[in-house]
Amino acid sequence: MADIEADRESEVAALLDELTSVSAVSGREAPMRALLARLLSFADELSTDALGNVIARLHPTRAPEGGRAPRVMLAAHMDEIGLVVASIDDDSGALRVLPVGGVDIRNLLASDVVVHTRGGPLPGIVGSTPPHLTAAKERSKPPAWDDLFIDLGLSPEEVRARVRPGDVVSFVGPGMRLGAGRYTAKALDNRAGLAAALLAFRRLQESERPAEVVLVATSQEEVGTRGAAAAAHAVAPDAAVAIDVGFAGMPGLAKRETIEMGKGPAVSTGANVHPQLRELLLETAAEREIPVQVEVLPGHSGTDAWPIQVALQGIPTGIISIPLRYMHSPVEVVELADVAAAAELAAGFCQKVTPDRIGGWHGVSLAGSAE
Amino acid sequence: MFLLLARLSEAFGPSGDEAEVRQILTEELKGRWDAAYVDSMGNLIASFGRQKPGPRAMIAAHMDEVGLIVDFIDDDGFLRFKKVGGIDDRVLPAARVRVGRHRVPGVIGLKPKHLLKGEEAERVVDSDDLYIDIGARSKAEAEERVRPGDYAVFDTRFQELTGGVVTGKALDDRAGCAIAAALAVEELPLPVDFAFTVQEEIGLRGAKVAAERVKPDFAVVLEATTCADFPDPKARRRSTLLGQGPALTFQDATSIPHRGLLELLVRTAEEEGVRYQWKQTTAGGNDAGSIHLAAGGIPTVSISVPCRYLHTPRALLSLSDMAEALRLVRALLHRVAREGVPSL
């Protein structure tokens, strides 16, 4: 049993190594699309759309009598937060940058970055003034965006020849295993969710499928869940599950604000989640003895589920949420077993999506009109 | 020098736990020295050219780096720490570290931006409120791998950014160590004791006892010094300029160099055509502060490699400045061999 778990964790870690080795700053996800084209080559259909979403389909293995098989969509965003070059200093060639997505500037000083230029990636570092030359008062304030700069170690002329405003900057955070089956890297929001979706898709390819399964690796989630809005419209699924990350417990956060590492993924509840779909997720977890916990979302889930739910005439939507620490930093942490459990839950759920199970989800016509 | 610098930069060596750095330098130099001594604090003193005539030189470079020390493991297995040496609290979030004798990997994480309340986003988190996460589920699990008193250093891979510009941790003062080690294996014109010192970052402590033991006729400190020339090369607080050669110190917070030796150093640079610059601040200090006061007083000067972003996980320097520093210290030794130690 322990060996099986170790194998599962290694499979997840290997996939995360691969997924975190590429850059996919929102709106510039091309390197990830190239990687996914390879990882999803076994799909029955594979395409991309105008927003850069990657859409992979597995046909159902059996069609229900006298009807079409339902279509279920698994959405996991593939983009990551980053920076964008706004200008280049005349004297020094220092790059001045602005955030793409919710970047906490307090994570940036003295960090490694990669600037993605026409001619290829350039390594750089976010500079800082040494403590010897700063006053204590300065050190008690986070830097302002106007003060932040990237040093490429190049002359101003070389910088201007190679970099132009609009080039994006990604953070560097190679994957590394910590203790207790945990794993750190940049962009585990949402490579952890994407890994779970990919693993689920692999399992589903090998098994019976009453439904058509559509995996969408969405773009531009971090700048406003944009890719998912377009994808939901195009795919028009009968049910959808967004797989993303949730806030894991850590010092400084109340337990009620967080979910726990190592207790399996959370099945979210709240206005963004279809109650019957959620019940089917929980039933799947119970049958397969997958550990799950509950995440309560009072309003906006901050995930792709938000636009998917209101696409077309409304799509029954649920959320699987993987506990993650230090969100939006280059040292995000997840527990590998939680990712594996999320994959198992998503795959199990897709296998239970049959016409009779989801029959009432879309609403019912009421009898009793005027006769 | 490049390969040695890479190894030294990635080595674990916070003030008080410099053994790994000492081991690398020992491997590099043993068999070539006339004698070597590791003293009670951990200074490595390697003597070369003992039989040679002429004044006895001491070349000092410190092995230690700024780091962290675990002072408490909390109930959930998070490591609380204190800073060892001068670190700006703002460079700690999102740092990767290695902890203790097992070099356990860990990260320093912040509460997610999404959950910050009110002015939290405007505040720098005090290092006392930060912690290292090594992936432990409990205090007991953490204690299997780490114990209070274990040190941590930044986990940073040494990297050449672009031609001749490198980044890494602990370039202050592994750059000095690499220059000294390169010089040590050359044919030297006079007897030299190379002192690879400990505990510079917490008060120039190793150099004090090393100088008392060596009692040289003069000393040269090889350092990495502040360089705040980027992004504004005209800044008043820039201190030094990258790529403009080693920096000479006219005065800092811990010493005023011996005037005669400093004049000889300047004359040497100018006559030998070695590019140099002045460190344009009196802030900071180095082992010269201890050495010049030791053994009744020792004529001492510093030669420093400009180093951007020092005391962070990612410092940056120009290899050309290191090469020029090596040329300069070598030329100075030849001058002193010919002319003797100058008077004040």
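For segment B:190-196, 3J(HN,Hα) computed residue by residue from phi via the Karplus equation (6.51, -1.76, 1.60; θ = phi - 60°) reads 8, x, 10, 9, 8, 10, 9 Hz, glycine and proline entered as x. The string of couplings for segment A:14-26 from the Karplus curve (6.51, -1.76, 1.60, θ = phi - 60°) is 5, 5, 5, 3, 5, 5, 8, 7, 10, 9, 8, 4, 3 Hz, one whole number per residue in order, with x for Gly and Pro. As a ratio to 2.2 N^0.38 Å, the alpha-carbon radius of gyration computed for segment B:1-140 takes the value 1.41. As a ratio to 2.2 N^0.38 Å, the alpha-carbon radius of gyration for chain A is 1.06. Rounded to the nearest Hz, the phi-derived 3J(HN,Hα) couplings of segment A:346-354 under the Karplus curve 6.51 cos²θ - 1.76 cosθ + 1.60 (θ = phi - 60°) are 5, 5, x, 4, 4, 6, 9, 7, 10, where x marks glycine and proline.
According to the calculation over all Cα-Cα pairs in segment A:42-120, the P(r) per 10 Å bin from zero is 12, 28, 22, 17, 12, 7, 2, 0 %.
As a quick test, which of the pairs A:141/B:111; B:30/B:169; A:186/B:113; B:169/B:208 have an alpha carbon distance above 20 angstrom in this structure? Result: B:30/B:169; B:169/B:208 exceed 20 Å. Taking amide hydrogens as placed 1.01 Å from N in the peptide plane, the amide H of residue A:75 sits under 5 Å from those of A:216, A:241, A:242, A:243, each at least 5 positions away in sequence or on another chain. Helices in chain B, meaning DSSP H runs of at least 4 residues, each add -39500 (n - 2.57). Divided by all residues, the mean residue ellipticity at 222 nm is -7500 deg cm²/dmol. Per residue, chain A reaches -8500 deg cm²/dmol at 222 nm when only DSSP H runs of four or more residues are counted, each adding -39500 (n - 2.57). Looking only at other chains, what is the average number of their beta-carbon atoms within 10 angstrom of each beta-carbon in A:100-113? Partner Cβ neighbours, averaged per residue: 6. GNM remark for chain B: springs join alpha carbons under 10 Å apart, and the peak mean-square fluctuation among B:91, B:99, B:153 falls on B:91. For residue A:84, the amide hydrogen comes within under 5 Å of the amide hydrogens of A:98, A:100, A:169, counting only partners 5 or more places away or on other chains and with H modelled in the peptide plane.
Going out from 0 in 10 Å bins, what whole percent of all Cα-Cα distances in the protein assembly as shown drops into each bin? Result, from short to long distances: 3, 15, 22, 20, 16, 11, 7, 4, 2, 1, 0, 0, 0 percent. Take every Cα pair under 8 Å whose residues are at least 6 apart in sequence, average their separation, divide by the length of segment A:82-171, and the relative contact order is 44 percent.
Taking Cβ atoms as reference points and 11 Å as the exclusive limit, the residues near residue A:172 contribute a net charge of +3, counting Lys and Arg as +1 and Asp and Glu as -1.
Relative contact order, whole percent, for chain B stands at 23, derived from Cα pairs under 8 Å and 6 or more residues apart. Restricting attention to chain A, close to 60% of DSSP beta bridges with both partner residues there are antiparallel. Packing order of peptides A:77-83, A:206-212, highest average first: A:77-83, A:206-212 (average count of other Cβ atoms within 10 Å over each peptide's residues).
Look at the stretch A:83-92: the mean tally of other chain Cβ atoms within 10 Å of its residues' Cβ atoms is 2. Beta bridges assigned by DSSP with both partners in chain B are antiparallel in approximately 65 percent of cases. Of all stretches in chain B that contain no trypsin sites (Lys or Arg not before Pro) in a DSSP loop with at most 12 other Cβ atoms within 10 Å, the longest one is B:118-233.
Annotation: Cα Rg of segment B:157-292 relative to the compact-globule expectation 2.2 N^0.38 Å equals 1.09.
When only Cα pairs below 8 angstrom with a gap of at least 6 residues are kept, chain A shows a relative contact order of 23 percent. Put simply, the convex hull of the Cα atoms in segment B:68-154 casts, on average, a shadow of 5.7 nm². Restricting the count to DSSP beta bridges whose residues both fall in the protein assembly as shown, what percent are antiparallel, rounded to a multiple of 5? Antiparallel bridges make up about 60 percent of those DSSP assigns within the protein assembly as shown. Of A:74, A:15, A:312, the residue with the greatest mean-square motion in the GNM of chain A, using alpha carbon springs below 10 Å, is A:312.
When chain B is treated as a Gaussian network with alpha carbon springs shorter than 10 Å, the biggest mean-square fluctuation among B:287, B:173, B:232 belongs to B:232. Averaged over peptide B:305-314, the number of partner chain Cβ atoms lying within 10 Å of each residue's Cβ comes to 5.
Throughout, read-outs are computed from the coordinates displayed, never taken from laboratory work. The structure presented is a predicted model; accordingly, all values stated were derived computationally and were not measured. Counting neighbours? That spans all protein chains shown, and the Cβs are built from the backbone with ideal geometry, glycine included.
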